[in-house]
Structure formats: C-alpha cells, structure tokens
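The values are calculated or read from the model by the stated rules, or taken from the named source; none is laboratory data. Just so it is clear, the model here is predicted, and its values are computed rather than measured. Every residue, glycine as well, gets a Cβ built from its backbone with ideal geometry; the counts of neighbours run over all protein chains shown.
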Amino acid sequence: MATKTLLERPLSTGLQDISQLLQQYGCGPVQFAGSDNGLYERHLLFDNAIAMGEETPRDRFEAVARSVRDILAQRWVLTEQTYERQNPKRLYYLSMEFLIGRSLANNVTNLLLDDVIKEAVTQKALSWIDLLEQEPDAALGNGGLGRLAACFMESAATLHLPAMGYGLRYEYGLFKQGVRDGWQYEHPDNWLRVQDPWEVARPNDKVEIGLNCSFEVRGGSLRAIAGRPSSLIGIPFDRPVVGYGGKTINTLRLWSAHAPDYFDFKEFSGGDFVGALAETLSAESLTRVLYPDDSTSMGQGLRFVQEYFLVACSLADLVRRFQRSNADWSAFPQKAAIQLNDTHPAMAVPELLRILLDVARLGWDEAWEITKSTLAYTNHTLLPEALEKWPLAWFDLMLPRHLELIYEINRRLLDEVQNRFPGDEGRIQRVSLIEDGAEPRIRMANLAIVGSHSTNGVAAIHSDLLRKTTVKDLAELFPNRFNNKTNGVTPRRWLALCNPALSKAITEAIGDGWITDLSQLSRLKPLAADRSFGDAVRKSKRDAKARFADWLRWSSGQAIDPDTIFDSHVKRIHEYKRQMLMALRIVVLYNRLRENPQMEMIPRTFFFGGKAAPAYHLAKIIIKFINNLAGTIDGDPDVRGRLKVVFLPDYCVSIAERLIPASDVSNQISTAGYEASGTSNMKFMMNGALTVGTRDGATIEMAEEAGEENFFLFGLTAEQVASSRGWYKPQWHYANEPESRAALDLVFSGHFSRNEPGVFNPLRDMLLTDGDSYMHMADLTPYIQAHEALGALYADKFAWTRKAILNVAGSGKFSSDRTIAEYASQIWKVSPCLVP
Ligand code: NBG
C-alpha cells in the first residue's frame, strides 16, 4: 500500500544545510528527534504521557505533527507581527467551506522539511505512510467550492499575500459515505473526536454577537422565541497556512459557537438544571455540522444562523484588527478587502453597513461607499436551485436591523433603476432584492452584487453566461463590476506532493521552478516527442497506477489490472455532471462484447467516486446503478478482464490525491453550460491524463491551452443546449440510434437489477419519460465516438505519451497562484508583504 513516497522525492530545497533551514524557523539548536530533548520525544512524553515504545500509531502521528507545528510556530507569529507592524492592506476570504484534506505531508513539503523528516523517520524506524494514514481528512466542505478555498489560501501564502481565511469549525465535516448492497449510506464524520494537532484555540479573541430572538431546544428540536434577544459567543481556532518555502505562514481562522459564559441561575436554583443547560446546548449545536448539500440551497433555519454567525464573528474580528492600527474609518477599503465565497456570506453587506452606520456613526453615503469598495463576490453556479433566497420573515425575527438596512438599500436601488429605465416594471421586479410572493424572500445573489464592487464567475464561459443570462439586468446596471477569474489548483498538493514520480521527471527536465511558477511547464513542449522524457513520463504513470492498485487491494480487497486504461469520473454525484452518461457508455461496450466476444478492445478499468446529497434520491439511484453495473460485469465471464467498474466509496481529498496521478483518462462530461468551472479537470490534466469532455467550464480553456487537437471534445455546446430545449426529444435518439436503444433496453429489462425489480425505473423517467433535462441521449453517441478516437490513440503508446506531455505542458495556466495573482491585482489591490 505504498501510496506516498515523499521521502524519495528529490525536490531541491535550495537550502542544503538543514541547520540553515531551521534557522529560518527561528528554532536555534532544537532537534526534531533523536534525543531525549528532541521535539518528537518530548511531545510523546509530555503531551501524551507515554513511554517510548508504548506509543500507538496515532500517538506517533500526533507527536510528529506537533513537532512540525513547533518548527513553524515562530514564523507563524512573526508573520502576524510583520503584518501588524507594516499595516498593509489585507485580504479576508469568507467561506462556509474549506475542504482542507490532510495537512502533515503538505506542511512538510511546503516547509521544505523533507530531509529533516526523512532523518527522523529513519532514526525512529517509523513508517511514514502509516503516520500519514493516521490523519483524518479535514472535510469541512462539500466539493469544488470548498477545495478551491483551500487551494486559494495556500496560494495566497505562497505569494506572500497578507491573507486570512474565515470559516466555521464544524465538529462534523462532510458525512462519510459507505456503500451497502450498492446503496449509499451516510455516517457522521466526527473528525474532532481526537484532538487536531494543527489548531490553536484563541479564547482571548472571542467575539459576542447578538440576535433578536432566543432559541430553545424542546423535544430535540430547535425553536426560536421572538422578541427575546440573545447572544452567541464565537471562539476562534486558528490553523497555519504554510506558503511554499516556509517564509509566509498565514492563518485560517475557524469559528466555534458557544453560549455566553453565564448561566441562568434563576432557572438553575429553581431546579431546572436541564433547562438552564439547554441554552448552552442550542448555542453549541450551531457549528456542529456542515450542511451536506452541493449545488442546492436547502433553506434551513440553522444554516441561516450559521451564515450570519460566520459573517458577524469575522467582521467583528477584522474590524477590531483594523482599529488597532488605524484611526480613520475612511481608510477601511485601503486596509481590507473581503471576498465572499458564493452568496453564503452575503449577509456581510448589511452587517458591514450596520457597523459603519451604528458603531462608526458614519453617514449613509460614506458607509455605503466603504461597504461596496471593501466587498467582492464570487459566483460559483448558475443552477437556480443553488441560488440562496432567505425568507424575509427570518430576517425580521432574528436580524430586524439588517432587514431595515436591506429595505433602504433596495429603495435606493429601485429608484436608480426607475431613473435609468423609466417604466420598465419587469426589470424592477427582477432586480429587486426582495422576491414577492406568499412568503417574500431576500435574494442573496442580488444583495451581494449590489453591495460589492466586483462580481466574478469562475471560468470564461461561466462569467459570460452569468452576465448574459442569470443576472442580466444587474449586469446592465453595473457593467463594470462584472469580471472573470478562471479557477486554478495548487501545484504543490496536486502535482509535487501527489505525484512524486512525474514531479521528479519534470524537475529533471526543466528544473524545479515550476513548483512556484507553473507556466514554466510550457518548457516541456519541445520534449513532447523526446524518447527518454517520454519513457520517464510513461514510467511515472505506470508506477502511479501500480501504487493505486496496491492501495485498492490493501484498502478494499479489490484487484485491478494496472495495464488496463484507467478511465475516471470523480466529483459530486449530480444529474448535470452526468455520471449516467459514462455508465451508459459502459453498457454499450458491454453489449458489444457480449455480441462479439472476439472483438478487439483495449481493456479498461472505470473508476467512479463521489457523494450524493443525502436527500437527493435520483443521485443515490445513480450510485446504485453504477454498483450494480460493476457487480454484473464482474459476474460475466464474457467480459471479465476486459471491462471492470470500480465505485470508490467515500471519495475525498486523499482518494483524489491517489487516483488522479494514476488516471489515463479524465471524463469531464457535464451538460454544457452547467459546470461553472470544474477543478478536478485541471488536476487530471496536470498529472498527464487526457480529457474527454464537453465544451463546458474551464475545460474549454484547458483545450485552448493544450491545443484542441490534444483534447477529445464532443457533444452539444452551451448554445445548442439552450436553443434546443424547446424541441429536444430523447425518444428520437432512442428510436434512431440502435446502440443507445439496446443499452437502455438492457437497463430497463432488469439485467442489472435481477432481484430488485423496478429499482431503476426512475432512471427511465430521467432519461426518457421526463424529457432528459441533461440531454444524455443527445450526447451519448458523440461521447462513444470520442472514446473510440481515444482508444485508437492509446494503441500507439508514443503518440499517446506525446499528447499527455502536451497536456501537462499546457496546464500552467491552471495554477491557483495565477488565479490568486489576478484576484490580488484586479479585485483586491493587495500586494505581497514579505516576512523578514
Ligand atoms: C462549484 C462548481 C464547480 C466549480 C466550483 C469552484 C458550487 C456551488 N459550485 O464547477 O459546481 O469548479 O464551484 O468554483 O459548489
């Protein structure tokens, strides 16, 4: 199960001398391990009170992680001191999600501590792999949006930007996914049951926030009591964000909710001990769990309070920091840039305005200008079901002052619309912050756009559609606010760390400058046809596949053949992402092999990974179908060894780090116009997979960079999807495309559900009866053809490797360093602040 060979990695540190490196961290003569005085030994003995030799693997992990934290601690403090002293403009990134994953290997890499760790591991005869396995994934996010936030924090630190992330410290991260009889089931991810060695509690920096109602727990459910104001305490927990090279160590500050320290003694002495504690319980349940919905807004009250809690704690904290070094409120936008990651923190608009009006006592015009010039908003999806709209009644109950401010913002907004577009009632309705109806709602996207100076989408096509369709009227009103920032991913985690063999080959060819300047990968282009570089790249892929196969056997007992094509589709399960399109392609291949067992076909292993939102039934049926497909194929001697389907349960950052380097093919097959950007697409490309994809999200820009001839694009474009909506009929494809029909017939014949009659009927409804909203049937044949072209290429290993290298060489644009540099210069106006 060798998964990470970090210790074999030759990334040059530039600092040959370990003591010189430790000096950078202000560690003096401190030793990492190897003596009674070593950090490792001291943590084992003094933190865990354990005799050497009696420690468990978890104890060892904790001691190593704490020792790494010791090494970075002084620079972490120095980073903050430098910012305090130099008082630069800071970036604050507000996000309900940070999908961090594991930190140990990443921190060691970024601190350039490989050699130190190598020595300690050898000296103590530790298994590095086993140590890494002890760390739970910090899964404080659902998918792309949360992982993007984590990549952004790392890039900001690598670029020496004075940046800070603000989020919530969920006690339970995204649920763990199990699979039983093919069905997804969820169980809680109690990741903080064991103490996390990275976080530092800062009770001295606590914040108290007010709500205009109270909550009580009665019969296990939370109930709001109107007219009785209450308060909540936010306690920050800080985590270090290590920039590559270990010079800048920024902070990710996560809030944990608590009840005020006082007790209701009246109730207590009256005998209602439990009642007095209920308040504590209800306050603490606020940050207990991450909502597991990706691309839908479930509109639950607890989520509303979570969002306000994040905003109120973070703004109070950053305003306090501003006031420590600045006397004049008018300087606020020169000292703080606040980025709203989706609409989730959009209550920052009325909250900042409230602070400026009620606390700073500024007039409306000045307060409003400061609010707008400080805030900026990123939109991550066009799906209507994801756009948050909170009941106006909830604002009225909990945050009446905020509601008052929203009314006034709206009054002024609609006056402006009236002046500029007199008589255009429809426009007024659409632009309004308030959606009328039986239950009036506040449109959070409109609020975020109106109350900020920048609105960006996350890939060129997405920003364009946002402007031209989703919020067209607002874009016409404020054309200068709209811009695009194509997503990126950090090349440290997603190439240097997860793919040591390919990293080594690249570094040997062009040096290691790519680690902090990914555009240097373009220097690989001239090597695309170079025999020895091609051999190294091919060998690195073969190694990664073998490692993955070993891990899979070790972790699940499943055997796969590393000499088959590894063909992957990993992301949240959603109709628009079209896992079903790939599943139908597999059924078509299965039919071909059953009809003609002698047919020549390069054997393939198909990987699926992803979680379904617990209430999204159709997505769960898709998971069930994939698992049944896998079982049927395994049980069929005609196809065994030629097709193999693997559903990887509990897909997470750590599984992505294993699978992506091992994949030959990346499927990015959303219905065009629906995937805002995608980010796994970029990770696959960087790791030398070839992409079969629709013209959607950032995949379009990836193909531009690599050259379309090195991509396998297929299917309807976003315009074609939109313009054929009115007349599209999946039945036409069923009637006229024999292979598609045979595939559906086989599914509906019960072939994959022998003892579960009717279980896949909802798939028939989705694909045929209900009109196939995501146009699987239109794209199935072109998709199969794209894969045929790809299969033909695979047969020529030199031609394949050449394209793979051209893909790696073209992936430089998709570093989150580039994305963050664009945000910093174009939106935030934040510059690097070097820590001496
Ligand atoms: C997701 C999009 C992805 C995109 C990420 C990061 C949400 C709401 N949106 O396409 O679906 O890559 O955001 O921008 O999670």
- Message: I'm trying to understand the selection: among the residues of the stretch 454-470, which are touching a residue at least 40 places away in the same chain (Cβ under 8 Å) and either buried (at least 18 other Cβ atoms within 10 Å of the Cβ) or among the β-branched types (V, I, T) (or both)?
- Response: S454, T455, N456, G457, V458, A459, I461, H462, L465, L466, T469, T470
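Within the stretch 364-402, which residues are aliphatic (A, V, I, L, M), in contact (Cβ under 8 Å) with a residue 24 or more places away in the chain and more than 16 Å from the ligand (Cβ to nearest atom)? Step through it out loud before you land on a result.
Filtering the stretch 364-402 down to residues aliphatic (A, V, I, L, M) leaves 367, 370, 375-376, 382-383, 386-387, 392-393, 397-399.
Keeping just the survivors that are in contact (Cβ under 8 Å) with a residue 24 or more places away in the chain gives 370, 375-376, 382-383, 386-387, 392-393, 397-399.
Once the filter is applied, which keeps residues that are aliphatic (A, V, I, L, M), in contact (Cβ under 8 Å) with a residue 24 or more places away in the chain and more than 16 Å from the ligand (Cβ to nearest atom), the stretch 364-402 yields I370, L375, L392, A393, L397, M398, L399.
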- Could you please tell me which pairs satisfy a Cβ distance under 6 Å, a separation of 6+ or placement on different chains, a first residue in the stretch 485-509 that is within 20 Å of K545 (Cα to Cα), and a second residue that is basic (K, R) and more than 16 Å from the ligand (Cβ to nearest atom)? P500/R9
- Output for the stretch 779-802, where each listed residue is more than 31 Å from the chain's Cα centre (by Cα) and of a type in the set (F, W, Y): Y794, F798
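If the requirement is being away from the ligand (no atom under 16 Å from the Cβ), closer than 30 Å to I621 by Cα and in contact with a strand residue (DSSP E or B) (Cβ under 6 Å, 6 or more places away or on another chain), which of these qualifies: D181, D189?
On the way: D181 fails: in contact with a strand residue (DSSP E or B) (Cβ under 6 Å, 6 or more places away or on another chain).
None of the other options fit; the residue is D189.
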- Query: Just to be sure, is F175 among the hydrophobic types (A, V, I, L, M, F, W, C) and within 16 Å of the ligand (Cβ to nearest atom)?
  - Reply: no
- Tally of residues being among the aliphatic types (A, V, I, L, M), surrounded by fewer than 21 Cβ atoms within 10 Å (Cβ to Cβ) and farther than 16 Å from R354 by Cα across the stretch 306-338: 2
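Against the condition over 30 Å from S740 (Cα atoms), in contact (Cβ under 8 Å) with a residue 40 or more places away in the chain and of a type in the set (V, I, T), how does V537 come out, does it pass? Before you say what the answer is, go through the steps one by one.
Details: over 30 Å from S740 (Cα atoms): yes; in contact (Cβ under 8 Å) with a residue 40 or more places away in the chain: yes; of a type in the set (V, I, T): yes.
Spelling it out, V537 is indeed over 30 Å from S740 (Cα atoms), in contact (Cβ under 8 Å) with a residue 40 or more places away in the chain and of a type in the set (V, I, T).
Against the condition assigned to a helix (DSSP H, G or I) and among the aliphatic types (A, V, I, L, M), how does L340 come out, does it pass? Please lay out each step first, then the result.
On the way: assigned to a helix (DSSP H, G or I): no; among the aliphatic types (A, V, I, L, M): yes.
Against the criterion (assigned to a helix (DSSP H, G or I) and among the aliphatic types (A, V, I, L, M)), L340 does not qualify.
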- Note on the structure: With the first residue restricted to the stretch 124-135 and required to be over 16 Å from R658 (Cβ atoms), and the second required to be basic (K, R) and surrounded by fewer than 17 Cβ atoms within 10 Å (Cβ to Cβ), Cβ contacts under 7 Å at 6 or more apart or on different chains are Q134/R58
- Do we find a residue being away from the ligand (no atom under 16 Å from the Cβ) and of a type in the set (F, W, Y) anywhere in the stretch 714-726? yes
- Limited to the stretch 353-394, what total is found for residues that are surrounded by 18 or more Cβ atoms within 10 Å (Cβ to Cβ) and small (G, A, S)? 3
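So, in the stretch 641-700, of the ones that are among the small types (G, A, S) and more than 13 Å from the ligand (Cβ to nearest atom), which residue ends up farthest from S540 (Cα to Cα)?
Step one: of the stretch 641-700, the residues among the small types (G, A, S) are 641, 654, 656, 662-663, 666, 670, 672-673, 676-678, 680, 688-689, 693, 697-698.
Now restrict to residues that are more than 13 Å from the ligand (Cβ to nearest atom): 641, 654, 656, 662-663, 666, 688-689.
Details: G641: 24, S654: 19, A656: 17, A662: 9, S663: 11, S666: 17, G688: 10, A689: 12 Å.
Taking the candidates together, the pick is G641.
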- Message: Can you tell me how many residues within the stretch 807-825 are surrounded by fewer than 21 Cβ atoms within 10 Å (Cβ to Cβ) and either of a type in the set (V, I, T) or in contact with a strand residue (DSSP E or B) (Cβ under 7 Å, 6 or more places away or on another chain) (or both)?
- Response: 0
- Exactly one of (1) closer than 30 Å to R725 by Cα; (2) assigned to a helix (DSSP H, G or I); (3) out of contact with any Pro (no Cβ under 6 Å at 6 or more places or on another chain) is unmet by M777. Its number? (3)
- Message: If a residue must be within 16 Å of the ligand (Cβ to nearest atom) and within 20 Å of A348 (Cβ to Cβ), how many such residues does the stretch 450-462 contain?
- Response: 5
- Query: Does the stretch 621-630 include one or more residues that are under 19 Å from W183 (Cβ atoms), in contact (Cβ under 8 Å) with a residue 12 or more places away in the chain and outside any helix (DSSP H, G or I)?
  - Reply: no
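Only one of L318, L353, L357, L302 is touching a strand residue (DSSP E or B) at 6+ places or on another chain (Cβ under 6 Å) and away from the ligand (no atom under 16 Å from the Cβ). Can you tell me which?
Details: L353 fails: touching a strand residue (DSSP E or B) at 6+ places or on another chain (Cβ under 6 Å); L357 fails: touching a strand residue (DSSP E or B) at 6+ places or on another chain (Cβ under 6 Å); L302 fails: touching a strand residue (DSSP E or B) at 6+ places or on another chain (Cβ under 6 Å).
Sole residue among the options that is touching a strand residue (DSSP E or B) at 6+ places or on another chain (Cβ under 6 Å) and away from the ligand (no atom under 16 Å from the Cβ): L318.
Given the criteria without any contact (Cβ under 8 Å) to a residue 24 or more places away in the chain and in contact with a Phe, Trp or Tyr (Cβ under 9 Å, 6 or more places away or on another chain), does A689 qualify? Show your work before the answer.
Values: without any contact (Cβ under 8 Å) to a residue 24 or more places away in the chain: no; in contact with a Phe, Trp or Tyr (Cβ under 9 Å, 6 or more places away or on another chain): yes.
In short, no.
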- Query: Got a number for residues in the stretch 511-559 being of a type outside the set (S, T, N, Q), surrounded by fewer than 18 Cβ atoms within 10 Å (Cβ to Cβ), on the phi < 0 side of the Ramachandran plot and over 25 Å from the mean Cα position of the chain (by Cα)?
  - Reply: 15
- Within the stretch 472-497, the residues that are more than 21 Å from W828 (Cα to Cα) and within 24 Å of the chain's Cα centre (by Cα) are P491, R492, R493, W494, L495, A496, L497
- Answer yes or no: is there a residue in the stretch 407-414 that is under 26 Å from N483 (Cβ atoms), of a type outside the set (A, V, I, L, M, F, W, C), surrounded by fewer than 17 Cβ atoms within 10 Å (Cβ to Cβ) and at pLDDT 95 or above. yes
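Quick check: anything in the stretch 768-778 more than 32 Å from the chain's Cα centre (by Cα), under 27 Å from V665 (Cβ atoms) and not hydrophobic (A, V, I, L, M, F, W, C)? Working first, answer last.
As a first pass, look at the stretch 768-778 and keep what is more than 32 Å from the chain's Cα centre (by Cα): 768-769.
Checking the rest, the ones that are also under 27 Å from V665 (Cβ atoms) come to none.
There is no residue in the stretch 768-778 that is more than 32 Å from the chain's Cα centre (by Cα), under 27 Å from V665 (Cβ atoms) and not hydrophobic (A, V, I, L, M, F, W, C).
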